[in-house]
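Comments concern the structure below.
The values are calculated or read from the model by the stated rules, or taken from the named source; none is laboratory data. Only a predicted model underlies this, so the values are computations on that prediction, with no experimental measurement involved. Note that we place each Cβ from the backbone using ideal geometry, even for glycine, and neighbour counts take in every protein chain shown.
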């Protein structure tokens, strides 16, 4: 059975390979244009002489750009926090066990990521726990109304 989960290492390796592939294609096109004269062979325009100095300058720009973008990508990937593996979580209270100590989901996530929590209440729980205060009875009939008025 293969593990298809994306880990930080896999994402980093994939990002670098995409960068290298893209910049490799650009370098091939720059050098290939001088070697094979693509515009002449593909579009039939007049042939141009090889200009290796220009090719070297353009290739240097591509290599510098590739180093810069790979450096920035790696730097940004280091800032991303990944939660990997299994988290033992209580089925009832949703506390998380970390080294035989139970802590709230909110505290665990705040300690292990940049997430900040803001609490609210969903409509289902509002109805379940506060329905009588919202002007509705448990059976869905509003307070103060008779069955035949509804």
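Of note:
- Some residue of the range 43-56 being at pLDDT 90 or above and at positive phi: yes
- Residue 150 meets all of the listed conditions (1) more than 36 Å from the chain's Cα centre (by Cα); (2) at pLDDT 90 or above; (3) exposed (fewer than 11 other Cβ atoms within 10 Å of the Cβ) but one, namely (2).
- Any hit, the range 12-29, residues being modelled with pLDDT under 95, surrounded by 12 or more Cβ atoms within 10 Å (Cβ to Cβ) and not in a helix (DSSP H, G or I): no
- Scanning the range 89-106 for residues that are part of a strand (DSSP E or B) and either more than 25 Å from the chain's Cα centre (by Cα) or surrounded by fewer than 13 Cβ atoms within 10 Å (Cβ to Cβ) (or both) yields 97, 98, 101, 102, 103.
- Residue match in the range 58-70 (condition: loosely packed, with under 10 Cβ neighbours inside 10 Å, in a helix (DSSP H, G or I), assigned by TED's automatic domain parsing to the domain that holds residue 26 and out of contact with any strand residue (DSSP E or B) (no Cβ under 9 Å at 6 or more places or on another chain)): no
- Among the residues examined, residue 86 qualifies as part of a loop (DSSP other than H, G, I, E, B) and closer than 30 Å to residue 115 by Cβ.
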